[in-house]
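Since the structure comes first, as structure tokens, the remarks are kept for the end.
Taken together, the values in this text are just the output of simple stated rules run on the coordinates, not laboratory data. Predicted model only: the values in this text are computed from it and were never measured. Using ideal geometry, Cβ is built from the backbone for each residue, glycine included, and neighbour counts are taken over all protein chains shown.
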């Protein structure tokens with residue numbers, strides 16, 4: 001049995017807040033859940049499957065208790081910021097095998113209001129050899145950018161175009177943190193942060209959250225929302241290899257291949273793509289690994305407005321993405337799914353709506369490039 | 001959190017003690033599998049290549065090449081984070097210690113050395129070879 005078309009996304013909600021000093025993370029989870037269910041035309045009593053990751057305070061059991069969910073299935077699979085894209089496939093599998101009928105996925109966090117613990121568990125056996133230097137997400141993405149420039153001649157100006165495209169989209173998103181369009185010069189003249197990465201190559205730090213509701217196609221057809229099915233799904237992990245190293249490709253290569261194979265489509269068929277943009281380099285690497293351009297050609301693909309909706313080669317992150325709109329809980333996967341569903345429903349901002357958007361791809365990477373990271377890729381279709 | 005505090009939080013495992021004992025004498029030893037004749041990094045109790053358990057510690061001269069380097073500008077003073085590939089083939093997440101007039105780039109040769117992080121722990125770093 002394959003995953004294709006076994007589940008539909010019937011409810012979405014992105015919390016409008018970007019700064020929530022007076023709202024608990026648990027309440028954010030509950031609020032986005034309620035709104036996503038409302039969007040679907042369902043209620044909490046319909047939910048029998050629940051999916052969340054380590055941003056949920058106390059984990060899946062504590063959140064199920066907080067909301068008082070009556071569950072036949074619960075899943076707390078953890079893949080960093082890619083978790084919620086992974087949950088799409090896990091929810092579809094649970095629905096297909098009869099473990100649940102209505103699956104709820106939530107994410108929320110307040111890294112802007114509180115410096116919450118997002119460090120990797122200190123018992124990871126590699127850490128005794130890494131921790132003296134406090135390896136950070138930032139340093140590894142800087143190292144990846146430096147090596148990509150060395151191997152392929154990628155330039156800071158090309159990377160900057162990823163941010164420029166995001167800022168062009170964000171001006172049409174009233175909730176985005178950074179709504180002012182920026183230029184390539186703005187990006188490369190902003191202070192250097194990590195290796196060749198500038199301040200404006202990095203995503204925002206925001207509070208917020210989001211939720212998704214999935215169900216089986218028979219139930220989805222009875223609801224008022226457009227039918228958005230999970231057509232393809234793939235996951236992969238990578239880690240620091242025992243010999244050698246690879247900073248310029250990611251687990252998205254394997255996850256993408258699996259997703260395209262399940263969906264039986266190719267990158268050329270994709271109308272819109274949500275690509276996790278923790279940093280500009282993250283987008284470039286995924287575009288290459290997913291096959292939107294050959295390895296090493298990402299810089300050329302994104303340059304000169306390549307990702308700007310309407311005029312570019314591929315419309316990417318039309319809500320402004322993590323680079324301009326938000327990055328709740330330091331985890332971008334949830335908002336990536338939400339904007340893809342908006343595009344497929346025709347509910348994106350009119351200035352960035354892809355005409356007749358039928359097939360969308362969502363790609364996320366969680367963790368540390370070159371080292372321990374997870375990739376999840378989903379292909380969504382409007383029926 | 002300081003580097004010393006970080007290190008104190010991260011448990012050393014019984015299997016890796018010989019690495020840290022050699023480090024205390026400023027010697028770099030690397031895990032080597034007698035079953036498949038390969039090195040691996042980071043050190044662990046089972047060979048990640050062949051899953052054999054016939055491992056021993058092999059002395060390394062500590063010569064390597066910078067695979068990538070990124071200066072972290074927000075550290076004070078800025079720190080040069082790097083991935084260094086040792087001549088044995090393994091790659092290590094580390095930092096390059098540069099003198100005031102020194103710069104380093106991808107492809108540069110470097111040499112391993114240990115520096116004290118706290119009274120109880122040391123860290124593997126790399127420097128440019130003297131006289132280079």
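Some points to look at:
- Mean residue ellipticity at 222 nm, helices only, chain A: -10000 deg cm²/dmol; runs of at least 4 DSSP H residues each add -39,500 (n - 2.57), and the sum is divided by the number of residues.
- Chain A - percent relative contact order, Cα under 8 Å, separation 6 or more: 26 percent
- With semi-axes defined as the square roots of five times the eigenvalues of the C-alpha gyration tensor, the equivalent ellipsoid of the range A:1-73 measures 22, 16, 12 Å, largest first.
- Counting only alpha carbon atoms, the long axis of helix A:156-170 and the longest principal axis of chain A meet at about 30°.
- Helix A:280-289 and the longest principal axis of the Cα set of chain A meet at an angle near 70°.
- Size estimate for chain A follows the Kirkwood approach: the inverse of mean 1/r over distinct Cα pairs works out to 20.4 Å.
- Highest-fluctuation residue, A:229, A:17, A:136 considered, GNM on chain A with Cα pairs under 10 Å: A:136
- For chain A, the longest principal axis of the alpha carbon atoms and the long axis of helix A:252-263 meet at an angle near 40°.
- Per residue of peptide A:236-242, the mean number of Cβ atoms on other chains within 10 Å of the residue Cβ is 4.
- Contact order for the range A:38-182, expressed relative to its length and based on alpha carbon pairs under 8 Å spaced 6+ residues apart, stands at 18 percent.
- Gaussian network model of chain A, springs between alpha carbon atoms under 10 Å - residue of A:368, A:239, A:276 with greatest fluctuation: A:239
- Cα gyration tensor shape for the range A:194-313, rounded if a/c is under 1.5, else prolate or oblate: prolate
- Test item: B:70-81 mean partner chain Cβ contacts at 10 Å: 6
- Relative contact order, percent, the range B:27-132 [alpha-carbon distance under 8 Å, six or more residues apart]: 21 percent
- Choice from A:40, A:261, A:64 with maximal GNM fluctuation in chain A (Cα, 10 Å cutoff): A:261
- Peptide A:243-249 is shielded by partner chain Cβ atoms: per residue, an average of 5 of them sit within 10 Å of its Cβ.
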